[in-house]
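Trainee: Before anything else, here's the structure in question.
The values are calculated or read from the model by the stated rules, or taken from the named source; none is laboratory data. Just so it is clear, the model here is predicted, and its values are computed rather than measured. We place every Cβ from the backbone using ideal geometry, glycine too, and count neighbours over all the protein chains shown. Surface areas here come from the heavy atoms of the whole protein model, side chains and all, with no ligands, DNA or RNA. Shrake-Rupley method; radii C 1.70, N 1.55, O 1.52, S 1.80 Å.
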Amino acid sequence: MKTAIIHQRFLVSTGISTDTRNIKPGSIFFALKGANFNGNQFAAQAIAKGAICAIVDNKDAAVNDKEYIVVKDSLKALQKLATFHRKFLGIPIIGITGSNGKTTTKELIYNVLSKKYTVTATKGNLNNHIGVPLSLLAMDEETEIGLIEMGANHPGEIEFLSNIVMPDYGFITNFGKAHLEGFGSLNGVIQAKTELYRHLKENKKLIFLNLDDEVQRLEINYKHNFTFGANRKAQVKISYPETGDSAKLIFNDINFKSQLSGNYNAKNMAAALCIGLYFKVPVNDIQTAIENYTPSNNRSQIIKSDSNKIYLDAYNANPTSMIASLQHFNKVKTKTTKIVILGDMGELGTASETEHQVIVNFLENADISEIYLVGKLFKKTTTNKPNIIKFENTENIKKHLHLAELKDCSILIKGSRSMALEQILEVFETKA
Ligand SMILES: CC(=O)N[C@H]1[C@@H](OP(=O)(O)OP(=O)(O)OC[C@H]2O[C@@H](n3ccc(=O)[nH]c3=O)[C@H](O)[C@@H]2O)O[C@H](CO)[C@@H](O)[C@@H]1O[C@H](C)C(=O)N[C@@H](C)C(=O)N[C@H](CCC(=O)N[C@@H](CCC[C@@H](N)C(=O)O)C(=O)O)C(=O)O
Ligand SMILES: Nc1ncnc2c1ncn2[C@@H]1O[C@H](COP(=O)(O)OP(=O)(O)OP(=O)(O)O)[C@@H](O)[C@H]1O
Ligand SMILES: C[C@@H](N)C(=O)N[C@H](C)C(=O)O
C-alpha cells in the first residue's frame, strides 16, 4: 500500500536521490544505511536541499507527515518501488549478467537499440541491490526498452535481482573465474549466474544464447531462445576473423570493426548484433552503432601516446579476463617492444595464490619483452625469468616508468580496481 503511495509521489518527482552530497531538486530521497553513514541522519538536509519527500526507516527522522514517509526498511522500500514502477511501465526489459563484459555489452546493446528505440539503460555499472532499483526508476513513460545490468559476488544475488527486474529477455556474457571469494569455484559462478536462466524459464521469457559457450549451449532445448555464434546451429551466424589489436566479427559477409581492444570483445559485439537483429534494427545501423562505440573508464581502451600504444584495461581483473587479455596481446603482431604491466587480481579467496601463479607461468613462455607485476599477491609468485620484474605498488612502478625512456612500445595495462593502474597513464603524455 505504502509502495503505491510512494509511487504517486515518485511520478511527480524529478527522480530518486540517495545522497545529499548531490541531491536532485524535486526528487525523492531514500535514507539508506551504508558502511559509513545512516542516511536517516541526512533526511532533513535532503528536504532543505530541495527533495520533495524523504523515505526514512527511523521515525525520529520524520519531521512531519507531509514531506516524510516512514517505512520499515528504506532499502526494501526502494526495491519494492522499483518493481512497482517496472510493472507500471510494462515495457520490455532485457537483463544482462555474466562474469566479464557486462558493462561493455550493455553499452553496445544500448547503442544498437537506440538506433530504433528510446532505451533506458543502467548507468555505468550501477548493478547491485541499490543500483538495479535506481536503474529501473530511471525509466519513464518515454522509455520503450529497458536494459538492466545485474552484478553479483555471491550466490542468490542474481535471483534476488531478477525478482526485482522481472526481465522479459536475458543474456549472460560469460562464466569466468571472477569473485571466487564469494562463489567458491567456477562451478559456483555457473550456478549463480544461471539463476537468471532459471528465472526466465520459470516465466517463459526469452534467452539470448551464445552457442559457442558450452554452458549456454546446454539451454538450446529451451524453446524461447534466440542464438548467435560460430556454431553451425546458431540463428545469427557469426565468424570471428584472426584480428589485429581490436575486436572484429563478420556477419553476412559484412565486416564489423570496433574500437575495442582484445578479440574477446568480439563476442560482446556479437551479442549486441544478435539482440539488435531480434529487435529488428537494420543491419547497417547496428554496424554503425557498434563501430562508433568508444570505450571509456579504463575498459578495453586503445590509446596512442607519442610513439607508444597503450592498451588500457585497468577497470578490473580476474583470472579469466586477465588470461584472455594476455593471450590476445601475445598474438598481436607488432614491430614495437611489447610490455605488460599487471596488477593484483582481487576477491579470489583461497584460489588467489594459484591463480596469480598461473598468470606468471603463462608469461614465462609468452612473446613479451618486459613484464612488470604490481602488488602483494603477484609478489608471492615465483619465477626465475629476468624479464619479469615485481613492484610493491602502483607508486613504485610509476617511479620506475618515469625513469625508463619508453619509445615504440605496445603496452598492456591490466589489474583489479583496487590497484588503480590507470594512474600509470600520468607517466605518459597521452594523446588519444
Ligand atoms: C549506500 C550507498 O549508496 N553508498 C554510496 C555512498 O557511500 P558512502 O560510503 O559515502 O556512504 P554510506 O554507504 O555509508 O552511506 C549511507 C547513505 O548515506 C548517504 N549519505 C552519505 C553522506 C552524506 O553526506 N549524505 C548522504 O546522503 C549515502 O549516499 C548513502 O545513501 O557514496 C559512495 C560514493 O558516491 C558510493 O560509492 C556508495 O555506493 C554504494 C557502494 C553502492 O552500492 N552504490 C550502488 C548505486 C551501486 O550499484 N554501486 C556500484 C557497485 C557495483 C559493484 O561493485 N558490483 C559488483 C557486483 C555486485 C556486488 C554486490 N554484492 C555489492 O556488494 O555491491 C560487480 O562486480 O559488478 C558502483 O558503485 O559501481
Ligand atoms: N567476453 C569477455 N571475456 C573476457 N574478458 C572480457 C570480456 N569482455 C570484457 N572483458 C574484460 O573485462 C573488462 C571489464 O569489462 P566490463 O566492465 O564490460 O565488464 P563487467 O562484467 O561489467 O565488469 P564489472 O561488473 O566489474 O563492471 C574489460 O576491460 C575486458 O578486459
Ligand atoms: C570493480 C568490481 N566490480 C570488480 O570487478 N572487482 C574485481 C575484483 C576487480 O576489481 O577487478
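Trainee: Tell me the residue from 65, 73, 19 that is modelled with pLDDT of 95 or more and more than 12 Å from ligand 1 (Cβ to nearest atom), please.
Mentor: Result of the check over 65, 73, 19: 73.
Trainee: How about region 244-282: which of its residues are in a loop (DSSP other than H, G, I, E, B), under 28 Å from residue 310 (Cα atoms), open to solvent by 20 Å² or more (accessible area, probe 1.4 Å) and out of contact with any Lys or Arg (no Cβ under 7 Å at 6 or more places or on another chain)?
Mentor: Step one: of region 244-282, the residues in a loop (DSSP other than H, G, I, E, B) are 244-245, 247-248, 252-253, 257-260, 262-264, 279-282.
Among the residues that remain, those that are also under 28 Å from residue 310 (Cα atoms) are: 244-245, 247-248, 257-260, 262-264.
So of that shortlist, the ones also open to solvent by 20 Å² or more (accessible area, probe 1.4 Å) come out as 244-245, 248, 257, 259, 263-264.
Result: 244, 245, 259, 263, 264.
Trainee: A follow-up question, please. Just give me the residues in region 283-300 being near ligand 2 (Cβ under 8 Å from one of its atoms), buried (at least 19 other Cβ atoms within 10 Å of the Cβ) and more than 21 Å from residue 367 (Cα to Cα), in sequence order.
Mentor: In the first step, residues of region 283-300 are kept if they are near ligand 2 (Cβ under 8 Å from one of its atoms); the result is 295, 297-300.
If we keep only those that are buried (at least 19 other Cβ atoms within 10 Å of the Cβ) as well, we get 295, 298-300.
Within region 283-300, 295, 298, 299 meet the criteria.
Trainee: Limited to region 145-185, what total is found for residues that are buried (at least 21 other Cβ atoms within 10 Å of the Cβ), touching a strand residue (DSSP E or B) at 6+ places or on another chain (Cβ under 6 Å) and not small (Gly, Ala, Ser)?
Mentor: Residues meeting the conditions: 11.
Trainee: Related question: Inspect region 186-197 for any residue being within 14 Å of ligand 3 (Cβ to nearest atom), surrounded by fewer than 24 Cβ atoms within 10 Å (Cβ to Cβ) and in the same structural domain as residue 94 (by TED's automatic domain parsing) and give the result as yes or no.
Mentor: no
Trainee: For region 112-176, give me every one of the strands (runs of 3 or more DSSP E) that falls completely inside it and has 2 or more residues that are more than 16 Å from ligand 1 (Cβ to nearest atom) and not hydrophobic (A, V, I, L, M, F, W, C). Can you show your working first?
Mentor: Values: elements: 119-121, 145-149, 169-172.
Passing ranges, in order: 169-172.
Trainee: Looking at 95, 90, 101 in this structure, which one is at positive phi, buried (at least 19 other Cβ atoms within 10 Å of the Cβ) and of a type in the set (Gly, Ala, Ser)? Break it down stepwise before answering.
Mentor: Values: 95 fails: at positive phi; 90 fails: buried (at least 19 other Cβ atoms within 10 Å of the Cβ).
Result: 101 is the single residue among 95, 90, 101 that is at positive phi, buried (at least 19 other Cβ atoms within 10 Å of the Cβ) and of a type in the set (Gly, Ala, Ser).
So that you can scan it fast, the table gives a plain yes or no per residue for (1) more than 16 Å from ligand 3 (Cβ to nearest atom); (2) under 18 Å from residue 312 (Cα atoms); (3) open to solvent by 20 Å² or more (accessible area, probe 1.4 Å):
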{"position": "375", "(1), (2), (3)": "no, yes, no"}
{"position": "378", "(1), (2), (3)": "no, no, no"}
{"position": "383", "(1), (2), (3)": "yes, no, yes"}
{"position": "393", "(1), (2), (3)": "no, yes, yes"}
{"position": "400", "(1), (2), (3)": "yes, no, yes"}
{"position": "403", "(1), (2), (3)": "yes, no, yes"}
{"position": "415", "(1), (2), (3)": "no, yes, no"}
{"position": "419", "(1), (2), (3)": "no, yes, yes"}
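Trainee: Let me ask something else. Consider residue 6 carefully, then state whether it is in a strand (DSSP E or B), touching a helix residue (DSSP H, G or I) at 6+ places or on another chain (Cβ under 9 Å) and open to solvent by less than 70 Å² (accessible area, probe 1.4 Å).
Mentor: On the way: in a strand (DSSP E or B): no; touching a helix residue (DSSP H, G or I) at 6+ places or on another chain (Cβ under 9 Å): yes; open to solvent by less than 70 Å² (accessible area, probe 1.4 Å): yes.
Here the answer is no, as residue 6 does not meet what is asked.
Trainee: For region 331-358, what are the residues that are modelled with pLDDT under 95, within 16 Å of ligand 2 (Cβ to nearest atom) and of a type outside the set (A, V, I, L, M, F, W, C)?
Mentor: The answer is 331, and nothing else.
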